[in-house]
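Q: The structure's right below; bear with me while I get my questions together.
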Amino acid sequence: MDLKTVSTHHVAVRYLEGGSGPPLVFLHGAGGVTADDPLLAELAKTHHVYAPLIPGYGDSAECPEIRDMLDFTLHTWDVVAALGLKDPVLVGHSMGGMIAAEMAAVAPNDVSRLALICPAGLWDDEHPIADLFATMPYEMPALLFHDAAAGAAMLTAGRNVTDPNFLQTYLVTNARQLGMAGRLLFPIPERGLQPRMYRITAKTVVIWGDSDRLIPPVYAHGFKKGITGSELVSIPEAGHMVTLERPALVADAIRRLG
């Protein structure tokens, strides 16, 4: 995947691009996305993939003008327009799924295919979503992965999470990224999506890891119920980061959209 830049009204946006085929826009979660992401590699086998970074992620500039859910939604539509895309397959993971669902609700005539991977956006008091902002680095693998040990290796590339130098880099990066993500996810990841979901007319697949401990799989049924005609694909032995643990199965589910 190549890292490129496109200009929008508010800010220059960094994005990853690769593959060939029908256009597909991938919106990342609070953890960001990198050029070696295995799901992007899988999707690029059959699609021309565009993966814009939310401002403040990677080496992209922050953008104080993007403040709330509507701002994120319209900004991402600005990115799609700046890339010259018409009706791309719209895919979002976690926080990115929340944004993608809002985009499809706000502009239903511009989205015909939608894939939501463990999306945020709903809230159930009986099944609270874990607080990322109060989670320490060493707690993340068990929260995000079915296999915590393998997940820790993916997140740290073999580095020691108790090493002060690693922690310093981690905390600085997290502070920058979660500063943007917090506008959607803090104090709870819910911004009124549920009563707007009826507006989504896209052919939709909802994808969930059976072992998701961050956003429990019970939320999958809320999305399936809220989006008329949507299909639910449950992936075994995968957690919230199903995109890293089972990228081929996630890509296969997305390809059902055409």
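The values are calculated or read from the model by the stated rules, or taken from the named source; none is laboratory data. As the structure is a prediction and not an experimental result, all values here were calculated from the model. Quick reminder, even Gly has a Cβ in these numbers, built from the backbone with ideal geometry, and neighbours come from all protein chains shown.
Q: Just to be sure before I move on: is P64 more than 16 Å from the chain's Cα centre (by Cα), at pLDDT below 95, more than 24 Å from L214 (Cα to Cα) and not polar (S, T, N, Q) in the structure I sent?
A: Taking the combined requirement at face value, the residue satisfies it.
Q: Working carefully through the options P108, P55, find the one that is surrounded by fewer than 20 Cβ atoms within 10 Å (Cβ to Cβ) and out of contact with any strand residue (DSSP E or B) (no Cβ under 6 Å at 6 or more places or on another chain).
A: P108
Q: Do we find a residue being closer than 19 Å to F186 by Cα, part of a loop (DSSP other than H, G, I, E, B) and of a type in the set (A, V, I, L, M, F, W, C) anywhere in the stretch 55-68?
A: Checked against the condition, which is being closer than 19 Å to F186 by Cα, part of a loop (DSSP other than H, G, I, E, B) and of a type in the set (A, V, I, L, M, F, W, C), the stretch 55-68 yields at least one hit.
Q: Only residues in the stretch 228-248 that are closer than 17 Å to D37 by Cβ count as the first member; pair them with residues that are assigned to a helix (DSSP H, G or I) and acidic (D, E), Cβ under 8 angstrom, at least 6 apart or cross-chain, and list the lot.
A: Pairs that qualify, where the first residue is closer than 17 Å to D37 by Cβ and the partner is assigned to a helix (DSSP H, G or I) and acidic (D, E), are A238/E245; G239/E245; P247/E42; A248/E42.
Q: Does the stretch 197-225 hold any residues that are surrounded by fewer than 21 Cβ atoms within 10 Å (Cβ to Cβ), out of contact with any Ser or Thr (no Cβ under 8 Å at 6 or more places or on another chain) and either within 17 Å of M103 (Cα to Cα) or without any contact (Cβ under 8 Å) to a residue 12 or more places away in the chain (or both), and which are they?
A: Result: R199, H221, K225.
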